[in-house]
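**Student:** I am attaching a structure below and will ask some questions about it afterwards.
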Amino acid sequence: MRPILLQGHERSLTQIKYNREGDLLFSVSKDHVVNAWFSHNGERLGTYEGHIGAVWTVDVNSSSTLLISGSADNTAKLWDVSNGKCLKSWEFNTAVRCVQFSEDDKLVLLVTEPRMGFPATLQIFNVENVSSEPVHNFNPEGPKITVAAWGALNRYIVAGRENGSVALIDPKTGECVSTNKVHELTLTDLQMSSDRTYFVTASKDKSAKILETESLEVLKTYTTDTPLNSAAIMPKHQEFVVVGGGQEAMDVTTTSSRQGKFECRFWHKILEEEVGRVRGHFGPINTIAIHPDGRSFASGGEDGYVRVHHFDDDFFTFKFQI
């Protein structure tokens, strides 16, 4: 399972995202460039240039026509995927930490962080008829939201907070419908299943958990020995969860890569047992994405590399011994 190394960033990766078909992979990092790649061979399709700060987050719509990115330069930008043209730029008072298209691609969710006296905001914009003003603009109370995603049928927004709790927020009123403190430390990632009925979280408390969306009930827990930065669910025909992280980036210079635990770890989704690890990165793994058909996965690290792994044939015939 020899990886394809994508070298298009000069600084650490912050997020990578496959499109719905899985033929394209989008990557963003702290070097203010958004890259698009062909996932099967690692060839760079192009770049989306316009941000002047670290780009924290990226998402692509289901038809692969629109791309949105959020940055530390206090802007979110809407791009035409095919030609790299910036269609719209929204300006905010603080950095944009999280963006995501709704399930029907008509709306986009943006989360800005509290900074310099400005409160955190959760804003929803219409991208079908691109508007300058948000359809909804909320100031969520409570601990800072670090990650957020749309639930099934856009009924709820699932938000992960700095104190380790997960909340369901009504996208029309901004009210917190329910909350559950599932982690001891900050949530670093939240990725939905393909049908959005459940999702996986990753946290600095060295654990990942699967929760049901409607009830926020914890279904499964995967406990590791290192802080986690990302977790992803494989498609339904493969019963695995992939998690990654590693020792804090500021301590990496004093540690070998073996001690730093910079590995993608595969856990059996149902049995909660670790079944394998994939090494390669020279620093913490910041983001993990899985190909929609489960044939490959990609990881982005503090070392500035994206590594794309295509699974060998025997991975799909592997049977877990109970």
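The values are calculated or read from the model by the stated rules, or taken from the named source; none is laboratory data. Just so we're clear, the structure is a prediction, and the values are computed from it rather than from any experiment. Note that each Cβ is placed from the backbone with ideal geometry, even for glycine, and that neighbours are counted across all protein chains shown. Ligands, DNA and RNA are excluded from the accessible area calculation, which covers all protein heavy atoms including side chains. Shrake-Rupley method; radii C 1.70, N 1.55, O 1.52, S 1.80 Å.
**Student:** Calculate, in nm to one decimal, what Arg277 and Thr47 gain on full extension: separation in residues at 0.36 nm each, minus their alpha carbon distance.
**Tutor:** 79.7 nm
**Student:** I need the Debye-formula profile for the stretch 82-132: one equal scatterer per C-alpha, no solvent, reported as log10 I(q)/I(0) at q = 0.13 1/Å, two decimals.
**Tutor:** Reported log10 I(q)/I(0), two decimals: -0.36.
**Student:** Could you tell me the relative contact order of the stretch 62-146? Use alpha-carbon pairs under 8 Å, at least six residues apart, and round to a whole percent.
**Tutor:** 19 percent
**Student:** Using a 1.4 angstrom probe, figure out how much accessible area the chain has per residue, in square angstrom, rounded to the nearest whole.
**Tutor:** Working: 14150 Å² over 322 residues.
Roughly 44 Å² per residue, with all protein chains present.
**Student:** Same structure again: Report, largest value first, the span of the C-alpha coordinates of the stretch 85-206 along each principal axis, in whole Å.
**Tutor:** 40, 38, 29
**Student:** Do the sum for the chain: with -39,500 (n - 2.57) for every DSSP H run of n ≥ 4, divided by all residues, what is the mean residue ellipticity at 222 nm, to the nearest 500 deg cm²/dmol?
**Tutor:** -500 deg cm²/dmol
**Student:** Can I ask one more? Is there a quick way to get the dipole size of the chain? I mean about its Cα centre, with the Cβ of Lys and Arg at +1 and of Asp and Glu at -1; what is the value in debye to the nearest 20?
**Tutor:** 320 debye
**Student:** Would you work out the Kirkwood radius for the stretch 29-130? I mean one over the mean of 1/r across all pairs of different Cα atoms, in Å. Before the final figure, lay out each step's value.
**Tutor:** Working: mean 1/r = 0.0722 Å⁻¹.
So the Kirkwood estimate lands at 13.8 Å.
**Student:** Using R₀ = 35 Å, calculate the FRET efficiency as 1/(1 + (r/R₀)^6) where r is the Cβ-Cβ separation of Val218 and Asn93; round to 0.05.
**Tutor:** So, using R0 = 35 Å, E works out to roughly 0.50.
**Student:** Roughly speaking, to the nearest percent, how much of the stretch 22-106's 1.4 Å accessible area is carbon and sulfur?
**Tutor:** Solvent-exposed carbon and sulfur of the stretch 22-106 make up 44 percent of the total.
**Student:** List the lysines whose Cα lies under 23 Å from the Cα of Lys204, skipping any in the same chain that are fewer than 8 positions away.
**Tutor:** Lys17, Lys30, Lys144, Lys181, Lys220, Lys261, Lys269
**Student:** log10 I(q)/I(0), Debye, Cα-only the chain, no solvent, q = 0.07 Å⁻¹?
**Tutor:** Listed by q, the Debye log ratios stand at -0.24.
**Student:** Here's something else I'd like to know. Give the Rg (one decimal place) followed by the Dmax (whole number) of the stretch 150-214, computed from C-alpha coordinates and expressed in Å.
**Tutor:** That works out to 11.2, 34 Å for Rg and Dmax.
**Student:** Please work out the Cα center distance from the stretch 20-59 to the stretch 106-136, rounded to the nearest Å.
**Tutor:** Result: 22 Å between the Cα centres.
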